[in-house]
Amino acid sequence: FGPSGNVARFVVFQGTSYDPSDTTNTSFELENKVSNILRATGLTDVYFLELSGNASSLGTITLSNNLGESSVISIGAEGQIFWTN
């Protein structure tokens, strides 16, 4: 996440660790739920297990900008993702 043209995105990868140069990685851009994202706080990496979908980390990611707008992404133990504005 970041300002000045950096795009908020998530990456689907195979294996037990992320390799940014792996050509099988698939990157997805996030919809603009909060325009001009300046800060992302909370969890930085979350991995979902292939067969169960369980998350490696539980918690939240908060996206915010300088207009006081924010959006919260909550990650549940069984891989649920809740996004609120």
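The values are calculated or read from the model by the stated rules, or taken from the named source; none is laboratory data. From a predicted model like this one, the values you see are computed outputs, not experimental measurements. Here the Cβ is made from the backbone with ideal geometry for all residues, glycine too, and neighbour counts use every protein chain on show. The protein model used for the area step is the full one, side chains on, heavy atoms only, and it has no ligands, DNA or RNA in it. Shrake-Rupley method; radii C 1.70, N 1.55, O 1.52, S 1.80 Å.
Of all the numbered requirements in (1) open to solvent by less than 60 Å² (accessible area, probe 1.4 Å); (2) not in a strand (DSSP E or B); (3) not charged (D, E, K, R), Ile61 misses one, and that requirement is (2). Thr16 passes every criterion in (1) over 12 Å from the mean Cα position of the chain (by Cα); (2) open to solvent by less than 70 Å² (accessible area, probe 1.4 Å); (3) β-branched (Val, Ile, Thr); (4) modelled with pLDDT under 80 apart from (2). Whether any residue in the range 72-79 is modelled with pLDDT under 85, surrounded by 10 or more Cβ atoms within 10 Å (Cβ to Cβ) and on the phi < 0 side of the Ramachandran plot is what I want to check. Scanning the range 72-79, I find no residue that is modelled with pLDDT under 85, surrounded by 10 or more Cβ atoms within 10 Å (Cβ to Cβ) and on the phi < 0 side of the Ramachandran plot, so the answer is no.
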